[in-house]
Each structure stands twice: as C-alpha cells, then as structure tokens.
Amino acid sequence: MAQHVAEPTHLSGGWLDVILTRDDCALTDLSVHPPTISDHGLIIASIPFLCELPSYFLRQVRDWRSFDREAFRLALLDSPAIADPSALEGLPVADIFAVYETTMVDLLNRFLPTRQARVRRNPLSPWFDAECRSLRRGTRRLERRYRKSKSQMDRIAWIKSVRDMHKRYRGKERDYWEAKIATHADQPKRLWATFNALLGRGRADRSQSVPSFSADEYLTSFTNKVFNIRKDTDGSSPPVFPPTAFNLSTVTPVTSAELRRIILESPPKSCELDPLPTSLLQEFVDVLLPLLTVLCNRSIRDGILPASQKRSILVPALKCEGLDSNDPVNYRPIANVSFVSKVIEKIIAFQMTSYLETNNLLPGIQSGFRKGHSTETLLLRLLSDVYAAIDSSQLTLLALFDVSAAFDTVDHEILLKRLNVSFGFSGTLLLWLRSFLSERSLCVVHGSSRSSWVPAPFGLPQGSVLAPLLFIIYTSDLASLLASHALLAQLYADDVQAYQHCRASDAAATARAMSIAMDALGTWMSSNRLRLNSLKTKFIWLGTRQQLAKLDMVALAADFPHFIFSSVVRDLGVTLDQELTFAPHLNSLSRSCYYQLRQLRTVARSLTPTATATLVHSFVASRLDYCSCLYTGLPATRLSCLDRVLRSAARLIGRIPKYDHISIYMRDILHWLPARQRIEYRMAALVWRCLLGLAPAYLVEFCGPIQSARSSRSLRSADQGLLRVPFARTSARQKRAFAVVGPSIWNGLPLSIRSLPRTLSQTFLSQLKAVLFGRVGVGSASE
C-alpha cells in the first residue's frame, strides 16, 4: 500500500485525509486545496485507469459440440488398421506407430477439422452461456422501451426482467461451479485451477500470462545449467557398480484386458504429441484395443521405442510461490510425453517394480515414488530415532543435502550399466530401456513462444512414468555410502538427509564425521555426473533445551565454516525447530489455513454447502492432515490452533454464526474429529497398514506382536492382538516416538477392533472412528 497525501488537510492543521492505493499505482497532479465550505480541504488527483484491456491471441481449436461420436466410431471400425491389426505384424515397430498416428490424425481432422480462433486471455465468466446472453438482450430491450416511453408499466417490466436476469445468473454461476468442483473433487491440481478461476485470479500459465522470457531463452538456460554441471564433473573417477546375482531379461506381453485396465485407470491428460486426445481414446478403447495391444507388445518384444514416442515438450513451471517469475532458473522443466508412451512405460514399470521388490533390491530407506511410502512415514521414522536419542540424553545432528538439477543431469550410460550390473536387467528389457533413453529430443513451449527441437542426451523426462523409478535406481548406492560412514539416512527421491546421534561433549567429532561423509557424498555425486550444492545444504542440532544449551555453537561454527547451522529448517514441507516444539510449523500452518478460509468466504455465497465442503476438504483439511502424525504428544495448548481452524472451517460450510453451537454440527453432520483424535485416528490407521505389510519396512519393524518378543513365556496378552511397547525413560519418547506411541494407541483399542480380519480395512476405519467419537465430549457453543 502507498499513501500519497504529504501535507495537512484539516483547517486546524491536522493530517486527516489520505489517498491509499497499491504500490504500483502512480498518482499524478496531486494537490490539496485550502478548506472553504468545510473544515477539510479538497484533494484532487489524477488516478490511472488500472483495469487491463482485454487481450486476445490466436489458437487452433476444434468444434467439439458438432462432433458425431457414432460416425467417428464407425469410421474407426472401417479403417484398415483397426479392422485387421494382425496385418501390421510384419511391419517394423516404427511403421506400426506411424500407421496408428496417421490413421488417428486423418480421422480426427475429418470429423473435427481445426480452425483458427481468437481467444480472450482473461475470459469472461465461463458460466455465461447463450441463455444468459438472451436474457441480457431482452432486459436491454425493455430498458430502451422504458427510456423511450417513460411508461410506469414499462418500468415495472424492465425492473422485473433485471431481477429475474440476475437471479438466473446466480443460479447459473452456482450450478456451473458446483459441477466443476464435483468433477475435480479427486484431482487437487484441477480443483486448485477451478478455485483460482472462481476467485477471478489469473493462473500463472502460458495461456493467461505474458512471459518475460521466451522459450528459446529458457531452453538456453536449461542446457547451460546441464552443460555446466557436466563440465564441473568432467575428470571425476568412474563410478563403481556392485554386482547382483538376480536377473530379469524379458517382459511379459500385456493382455488386452490388462491394457484396457491400464488405459481406463490413467488420468485423461493429453498434449499435442497425442494423435488422438486421451479422453477420446478412453471413450473408444474397446474399438482401439486390438491395435493398441499389437502396438505395445511389438515395442516390448522388439525392445524398441520409436522416435515419435521419445519426444518431450518441456513446459516451465514455477518451483514455488514467491520466487522471481522473470528468472528462468526458478522454473522446473515439466515434460509432456505422449499417452501411448506412458502406457508402455507403465507396463514396463510394473514388471520392473515387481522384480525389484520381490528380490529386495531397492534401498529400504528410499521413500520417494514407492507405494505405501510418503514424506510422513519418512519423517515419522526420522523423529522416532531422534526421540530415542533424546531418551538416551543425546543430541542429533541432521543434514539436509541439496542436489542441483538431479533429474536433468542423469548420465544414460552410467544408468544403463547400473541397471545391468547392480540390478540384473538384461536382454530385451535392457534393449528397450536403452531405446527409451537414447535419441530423445525436446522442445520448450512457454506462453505463445516455441523453441526448435533439440537432442536430449542427458537426464530423465520429468513427467514420464519411468523417470522416478529410474532415478531411484540411479541413486541407490547412496544408502550404503552413508551407512559406511556410520550415518543414519533417509531418502525421498532427490532429497537426501543424513543424521547421527551423540552426546553434547562429542558434538565436534560428530560434525567432523558428517563433514567427511559430505565430502564422500560429493565425490560420489561427481562420479555419477550429479552435483551436490553445499551452499544450500543445511544442518540443525535436534534435542532438548538442556542438551542444546551444552553445545558451543561459536566453536562449532569456527571449526566448520562450511556448515550452515540453522535453528529452523524446512524438511519435506514440515518446519522443524531444534526442540521439536513444532511451534513455527503450526503457526505457519494456521496462517495458511486461515488465508484459504478467507479466500473461500468471498465466494461461499455462490456455492452450495456441498461444494464449499469439497473445497474446504481439499484446501484446508488436507493441509491440517499433511504429516499430522508428527504432532502426536504435543500439549493441548499447541494443538488448540488446529481446533480453531477446524471450527472456523465448519462454520463456513454450515454458515453458522460465530457464537452458535458448532461441536454437534461437526460431529453429526460433518463427522469431523477434534484435532487430537484426528491425529490418533491417522496413527492407528498407519499401524493397521503396518500390520498388513502395506507400510515401509522401517515402520513395520516397530509393530511386532508381543509373542515375537525374546521372552519365551506364554502370556495371556499374546492372544489379544497386542503389540510390544518398548521401554521409554523420558516423556518425549513415550508420548511422541512412533516406535512407542503407535503400538500404545493400537493396544488402547477395543479387542473387537484389534481382532478384525485383516481384509476388512473399511470396517476397521469406520469402527475406529466410532470409538474415537465415543471418547470425545461435545463442547460448548463458544468453542
């Protein structure tokens, strides 16, 4: 905000009258006239017209409203490629893909020819349709009639038409947004885009914002970054590949039923590389299935992915809010690849993952892109180890390492050799993986600009299905490397964190060991053509206030000047402070939730309670639940901010006044648990997944039954489904470590729930919620 009046405006010399504008609003000709008929002076200024003029751009569109689906289906059946796909078996793989693409493009252009359209960058209300325009024309006609006749009857008719028009507008708006919200309820990204559109906020994408740099400039920045990292790592010693005795050389062909399931379960996303939009492919999947089956199986059998399926369109996406949007470095390159390529990758990835998990080849501490693993499970294990150290009067030094452009600098030859030597991939499967990685090309699309196609000899396309799995394999040696330096570690994709426990008197020795390990990590990164960014690597000491007070931070900073010791760090979206009070994190979380509620309140009147509840669940409740198991054992005063957020959200959904009763509404209508019971519910659900073997092994080991303890005595508790609870000396471990709290919460559940068959997960969750509701009393109206 800016205040522009810089002189007294009152008769008595006071400075009472001001003009406040946004910072970017420049006033001209500002003058303050002396008071005359009033004791306040007249302020005159010229204010610029800040409303942006409509901006248009040209794009190619198809008239989907005139699309004849039945005629298109019949044309598909009549095409030679669909009528007899077996006739394509004798062709090379690339030719089969070319026939598919040519057939789909020709049919689509015949039934839905493209035309150039003039599109407004900031469109009018999307719910404003032909009926609304007709109502507006009729109302304006009645207005003109009244202004000409000055008749009272015409005036009444005009006013009634205006009221009916606005009433219909509100109904149209409400129905449109409710349908959009319901459609995207399970798609957070699309729901967020819908919410932004509902608020009238422009999306920072290529269609509604004028980029400050071109696609060629971003491509130059991207290639220079990769080239510089390659240059810095030139001359490094070659990596070492530990061998394995296991082997996988072939991929089982996919059946039509399996392929149909994969296609229908895939998100309906498309890009310009798809000859047929994914939504149409899914709609006519039964017609296209024989050809697609031949297509996928020939690629798998011959170990070849054609060049048409190895192209990527890079779309720059801002890494996070608050970064300079004019700097290409702050953008992450998201690769759009063809849908058929993704389908084949899923077939390959499923069989690779099954082989890796069956033979336990993936590092146990890697939680990224793995089923049952999450940032929450990783942090639970990390903090459980920290609380165990606190129980032994020890401190923990945690290092959060930063890797620069990890996915973009992966060396294909190193990856292929590691796949072969360390993971046993060979034969046709290795040939296909080599084909997938080699001779890739990319172009950048940013705003209305487009770069030329260039080779992509390095990196993994962020947006493909196989890239996450291949990156986990590429960095699999990090687990053994850090363990060889007596460090505990946790990995989440390219986020590497290592920690070691020690007494305060041994802090210098621990920091020295961490420094040696960081040097070894940097050497390994260079050998594998990655770069460890030591300037962004952060260190934090975790422990109790009493143990932290024993540290000589001045001496540690002097002995290790390359260490950036922090009192607060952000780890996978969670703010950790040294004493693990979570005060900074919960304060930030509350502010974020209240901001979302304020935004929702501005449009709540245009939505039904159901649509409002969907948005609240997506933008508020999901934030509260993210890694909420970490709050276990926090005092009630610390968790009270979460309860206040929940009550405010419930009042918004139910449109309940501030001082009316809310607890009954939350319990009986919304079925929301208070914050503490909500956390307990998530902890018990996680223990259930551990017992089913659906959670990471590093948490499952904490959930062993009592009879598996070392004692050979037969205990009555062994028949009641109880879990062993380790001894805890301090309240920190007793109340907050998953190793103790998880089994304790489970043992506190009724026997009827603990003894449920492990196949009845939904029954367990519903009965668990009922038990927790039974432990909660209904509060007062002022809660």
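Listed values, structure above:
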{"item": "Of all residues in the range 17-48 being of a type in the set (D, E, K, R) and within 55 Å of the chain's Cα centre (by Cα), the one that is nearest to Glu7 (Cα to Cα)", "result": "Asp17"}
{"item": "Verdict on Ser151 being at negative phi, of a type in the set (Gly, Ala, Ser) and in contact (Cβ under 8 Å) with a residue 24 or more places away in the chain", "result": "no"}
{"item": "Considering residues of the range 460-500 that are farther than 17 Å from Ala513 by Cβ and polar (S, T, N, Q) only, the residue modelled with the lowest pLDDT", "result": "Gln462"}
{"item": "Of all residues in the range 399-437 being within 21 Å of Gly522 (Cα to Cα), assigned to a helix (DSSP H, G or I) and among the β-branched types (Val, Ile, Thr), the one that is farthest from the chain's Cα centre (by Cα)", "result": "Ile414"}
{"item": "Residues located in the range 728-761, provided they are closer than 19 Å to Leu395 by Cα and surrounded by fewer than 17 Cβ atoms within 10 Å (Cβ to Cβ)", "result": "Arg729, Thr730, Ser731, Lys735"}
{"item": "The range 420-472: number of residues that are out of contact with any Ser or Thr (no Cβ under 6 Å at 6 or more places or on another chain), surrounded by fewer than 17 Cβ atoms within 10 Å (Cβ to Cβ) and more than 17 Å from Ala406 (Cβ to Cβ)", "result": "9"}
{"item": "Scope the range 484-507; condition small (Gly, Ala, Ser) and either farther than 27 Å from Leu460 by Cα or assigned to a strand (DSSP E or B) (or both); matching residues", "result": "Ser484, Ala486, Ala489, Ala498, Ala504, Ser505, Ala507"}
{"item": "3 or more residues of a type outside the set (Ser, Thr, Tyr) and without any contact (Cβ under 8 Å) to a residue 60 or more places away in the chain: qualifying helices (runs of 4 or more DSSP H) within the range 66-139", "result": "69-78, 93-111"}
{"item": "Which listed residue is in contact with a helix residue (DSSP H, G or I) (Cβ under 8 Å, 6 or more places away or on another chain), surrounded by fewer than 21 Cβ atoms within 10 Å (Cβ to Cβ) and either at negative phi or of a type in the set (Gly, Ala, Ser) (or both), from Val315, Val340, Val294", "result": "Val294"}
{"item": "Qualifying positions in the range 485-506 - surrounded by fewer than 21 Cβ atoms within 10 Å (Cβ to Cβ) and farther than 26 Å from Ala405 by Cβ", "result": "Ala486, Leu488, His501, Cys502, Arg503, Ala504, Ser505, Asp506"}
{"item": "Single unsatisfied condition, Ala583 versus (1) among the small types (Gly, Ala, Ser); (2) free of Cβ contacts under 8 Å to residues at least 40 places away in the same chain; (3) surrounded by fewer than 16 Cβ atoms within 10 Å (Cβ to Cβ)", "result": "(2)"}
{"item": "All positions within the range 694-710 that are modelled with pLDDT of 90 or more and loosely packed, with under 13 Cβ neighbours inside 10 Å", "result": "Glu701"}
{"item": "Answer from Leu295, Leu314, Leu291 - the residue that is modelled with pLDDT under 95, within 27 Å of the chain's Cα centre (by Cα) and in the same structural domain as Arg440 (by TED's automatic domain parsing)", "result": "Leu314"}
{"item": "Test result for Arg163, on the phi < 0 side of the Ramachandran plot, surrounded by 12 or more Cβ atoms within 10 Å (Cβ to Cβ) and basic (Lys, Arg)", "result": "no"}
{"item": "Scope the range 178-220; condition within 20 Å of the chain's Cα centre (by Cα), modelled with pLDDT of 75 or more and among the polar types (S, T, N, Q); matching residues", "result": "Thr183"}
{"item": "Condition broken by Phe246, with the remaining ones in (1) surrounded by fewer than 19 Cβ atoms within 10 Å (Cβ to Cβ); (2) assigned to a strand (DSSP E or B); (3) hydrophobic (A, V, I, L, M, F, W, C) satisfied", "result": "(2)"}
{"item": "Those residues of the range 657-687 which are of a type in the set (Lys, Arg) and within 20 Å of Val740 (Cα to Cα), in sequence order", "result": "Arg676, Arg678, Arg682"}
{"item": "Selection count where residues are touching an Asp or Glu at 6+ places or on another chain (Cβ under 9 Å), surrounded by 10 or more Cβ atoms within 10 Å (Cβ to Cβ) and not in a strand (DSSP E or B), scope the range 9-30", "result": "3"}
{"item": "Condition met for Ala636 (buried (at least 20 other Cβ atoms within 10 Å of the Cβ) and at pLDDT below 95)", "result": "no"}
{"item": "Whichever residue in the range 590-612 is hydrophobic (A, V, I, L, M, F, W, C) and surrounded by 21 or more Cβ atoms within 10 Å (Cβ to Cβ) and, among such residues, is nearest to Ala737 (Cα to Cα)", "result": "Cys593"}
{"item": "Qualifying positions in the range 346-378 - within 30 Å of Glu101 (Cα to Cα), buried (at least 21 other Cβ atoms within 10 Å of the Cβ) and out of contact with any Asp or Glu (no Cβ under 9 Å at 6 or more places or on another chain)", "result": "Ile348, Met352"}
{"item": "Residue in the range 652-665 that is under 25 Å from the mean Cα position of the chain (by Cα) and either in a loop (DSSP other than H, G, I, E, B) or among the hydroxyl-bearing types (Ser, Thr, Tyr) (or both) present", "result": "no"}
{"item": "When residues of the range 266-281 are limited to those that are at pLDDT 90 or above and surrounded by fewer than 17 Cβ atoms within 10 Å (Cβ to Cβ), the one farthest from Asp106 (Cα to Cα)", "result": "Ser266"}
{"item": "Pairs, first without any contact (Cβ under 8 Å) to a residue 24 or more places away in the chain in the range 533-562, second not in a loop (DSSP other than H, G, I, E, B), C-beta under 7 Å, six or more apart", "result": "Met553/Phe565; Ala557/Phe565"}
{"item": "Residue list for the range 527-552, filter: assigned to a helix (DSSP H, G or I) and out of contact with any helix residue (DSSP H, G or I) (no Cβ under 6 Å at 6 or more places or on another chain)", "result": "Ser527, Arg545, Gln546, Leu548"}
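The values are calculated or read from the model by the stated rules, or taken from the named source; none is laboratory data. Worth saying up front: this structure is predicted, and the values here are computed from it rather than measured. All Cβ positions, even for glycine, are placed from backbone atoms using ideal geometry, and neighbour counts span all protein chains on display.
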